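Structure, as structure tokens:
The values are calculated or read from the model by the stated rules, or taken from the named source; none is laboratory data. All of these numbers come straight from a predicted model, not from anything done at the bench. Backbone-built Cβ (ideal geometry, glycine too); neighbour counts: all protein chains shown. When the accessible area is computed, the model is the full protein with side chains, heavy atoms only, and any ligands, DNA or RNA have been set aside. Shrake-Rupley method; radii C 1.70, N 1.55, O 1.52, S 1.80 Å.
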Amino acid sequence: MDGKKVLIRSLALKQYFPVGKNRFCKANDGITIDICEGETFGLVGESGCGKSTFGRTLLQLNRQTSGKTLYYGQTLWEAAPKYVGNTLIKYRRYLDAYRKFQSEVKKTESDWQAETDEAKKLDKLDKLHRQQAELEGKYYDLVSIVGGFITVEDNASALKLMLEEYKICREIRAMLEKIGAAKARCMDADFEIKDAAAGGRTPSAAQKVQADRAKARYELLMEKRAALEKKLQRKQEELRAFKEPYMKEEAFRTAEERRTQGIDLARLEYNEMRLLRSDLQMIFQDPYSSLNPRMTVGNIIGAGMKTHHLFIKENKRMQNEVLDVMRRCGLESYFLHRFPHQFSGGQRQRIGIARSLAVRPKFVVCDEAVSALDVSIQSQIINLLQDLKEQQNLTYLFITHDLSVVRYVSDRIGVMYLGNMVELAPAQEIFDRPMHPYTQALIAAIPTVDSRDGELKIIEGDIPSPVNPPVGCKFHTRCDYCTEICRHVMPEWEEISSGHFAACHHMHEISG
């Protein structure tokens, strides 16, 4: 989306599940999309097409098989994950492999151009596309971290400076975790003193001492952080000065533009991913099995707050925050000590929403969040999600099989078929100008009360198995436009008009 900041980007994302010896269920098979900050991205498709798997994989609840999932809610150097340091240390080895792979891609391209047999030419074109995607995915980190220095032969001094910069960032990251806990203790201590004064009680000497200690600890950590940030600023200035002579070279500038601030979630270690969990949350499909039956509503909503050090202990300050989240999600305060079995499906879904939003996320995956609810309750939950999005500047991935719902809530809609994205466009344009045969078939199958539309149009044929999907375009077994190229070559993801993408060999014929 023009002018919008990308929050989540997936590049050639694959999620395969083993189902036997050398056999895999290809749930997600090379998905590349951007989800922008503040938007609702709708994801639709038939049951079993990989929508829910994609949502869970973006959050790394399922660790992806290959590809990239880049998160821009924090910068790469703020998070300072270990894989950045490993890439800088092993740079020379990675660079040699990268250049070898590049030469293989160029050879495949030459073979394809020289081939005269039409069937073999199609096979070699498909191989070239797969190699290009693999090159982009496998060595993305190398280019995105090192930037222009990938073009410089003698770059040992630059890499040394970048490694020093990274180590300072690691120190700052560790410091921020301590600061978060210290700030929560400081706020708890201040709250207890103010609460005592508001109740007409004199704060105890122990409370005052605790407040002073918490404040001193917090201020000390903030001073250490400021010193580290000055040190980092000096190192960054050195690196900028080092780059200056190379910026005159076009190859260096081009590679430097590919440097990214995105954090590759797929390469984070377990504890590194846990630090980002508060930013990336999920509302689960089933409002019954997704809540712990032995925990009260207050405990369910407050658990994440304690885990992410928004609060250190369960006290009145934390209870006030839980009650505020409940109020915003349409839950009464007297529900606080009740258990999940005492609620209806709609109320349970509100509890699930409150649990997700309690940790102040930036990105939320709504996985069929209204499909298990009555139609009247669905509209309430959808309106609630819309209101919360505006209040908290949230970004949603809204997964559903209901086209009427996704049309109402989404800014853009992506259509999935058998693990692949086949079309993506602004919500209204998907319905006004569908460019992929599968999208057209889904829209034609929407029930309507208008008798002039005649009978519903059903998509002919059975959905192929994701364990053994068709070669070439996966939809060709059910498509009216299928030709020989569809049976051999996977269509490229192509932008037809501004913001409207599709993957079909015949979309220009379809569009007229």
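Annotations
- Picking from residues in segment 289-328 that are crowded, with 16+ Cβ neighbours inside 10 Å and of a type in the set (S, T, N, Q), the one that is farthest from ALA189 (Cα to Cα) is SER290.
- Look at (1) surrounded by fewer than 21 Cβ atoms within 10 Å (Cβ to Cβ); (2) in contact (Cβ under 8 Å) with a residue 24 or more places away in the chain; (3) not hydrophobic (A, V, I, L, M, F, W, C) and you find that ARG350 fails only one, number (1).
- For LEU331, the conditions (1) part of a helix (DSSP H, G or I); (2) in contact (Cβ under 8 Å) with a residue 12 or more places away in the chain; (3) open to solvent by less than 70 Å² (accessible area, probe 1.4 Å); (4) more than 29 Å from PHE54 (Cα to Cα) are fulfilled apart from (1).
- Residue in segment 134-141 that is out of contact with any Gly (no Cβ under 7 Å at 6 or more places or on another chain), within 24 Å of GLU257 (Cβ to Cβ) and aromatic (Phe, Trp, Tyr) present: yes
- Residues that are out of contact with any Phe, Trp or Tyr (no Cβ under 9 Å at 6 or more places or on another chain) and either surrounded by 17 or more Cβ atoms within 10 Å (Cβ to Cβ) or within 20 Å of MET305 (Cα to Cα) (or both), drawn from segment 363-383: VAL370, LEU373, ILE377, GLN378, ILE381
- Scoring LEU76 on the criteria (1) in contact with a strand residue (DSSP E or B) (Cβ under 9 Å, 6 or more places away or on another chain); (2) closer than 30 Å to SER465 by Cβ leaves a single failure, condition (2).
- Filter result for GLU272 (open to solvent by 70 Å² or more (accessible area, probe 1.4 Å) and part of a helix (DSSP H, G or I)): no
- Given (1) in a helix (DSSP H, G or I); (2) in contact (Cβ under 8 Å) with a residue 60 or more places away in the chain; (3) farther than 25 Å from LEU275 by Cβ, index of the condition GLY42 fails: (1)
- Boolean, ALA133 is aliphatic (A, V, I, L, M) and out of contact with any helix residue (DSSP H, G or I) (no Cβ under 7 Å at 6 or more places or on another chain): yes
- Scanning segment 193-211 for residues that are open to solvent by less than 60 Å² (accessible area, probe 1.4 Å) and under 30 Å from ARG173 (Cβ atoms) yields a count of 1.
- Answer from ALA214, ALA266, ALA241 - the residue that is hydrophobic (A, V, I, L, M, F, W, C), over 18 Å from the mean Cα position of the chain (by Cα) and surrounded by 18 or more Cβ atoms within 10 Å (Cβ to Cβ): ALA214
- Taken over segment 360-386, the criterion of being in a helix (DSSP H, G or I) and among the hydroxyl-bearing types (Ser, Thr, Tyr) is satisfied by SER376, SER379.
- Test: residue in segment 169-176 that is open to solvent by 20 Å² or more (accessible area, probe 1.4 Å) and in contact with a Gly (Cβ under 9 Å, 6 or more places away or on another chain): yes
Here is a yes/no grid of residues against (1) open to solvent by less than 60 Å² (accessible area, probe 1.4 Å); (2) at pLDDT below 85; (3) of a type in the set (Phe, Trp, Tyr); (4) closer than 28 Å to ARG56 by Cα:
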{"residue": "VAL415", "(1), (2), (3), (4)": "yes, no, no, yes"}
{"residue": "VAL422", "(1), (2), (3), (4)": "yes, no, no, yes"}
{"residue": "ARG433", "(1), (2), (3), (4)": "no, no, no, no"}
{"residue": "LEU442", "(1), (2), (3), (4)": "yes, no, no, yes"}
{"residue": "ILE446", "(1), (2), (3), (4)": "yes, yes, no, yes"}
{"residue": "ILE458", "(1), (2), (3), (4)": "no, yes, no, no"}
{"residue": "ILE463", "(1), (2), (3), (4)": "no, yes, no, yes"}
{"residue": "THR483", "(1), (2), (3), (4)": "yes, no, no, no"}
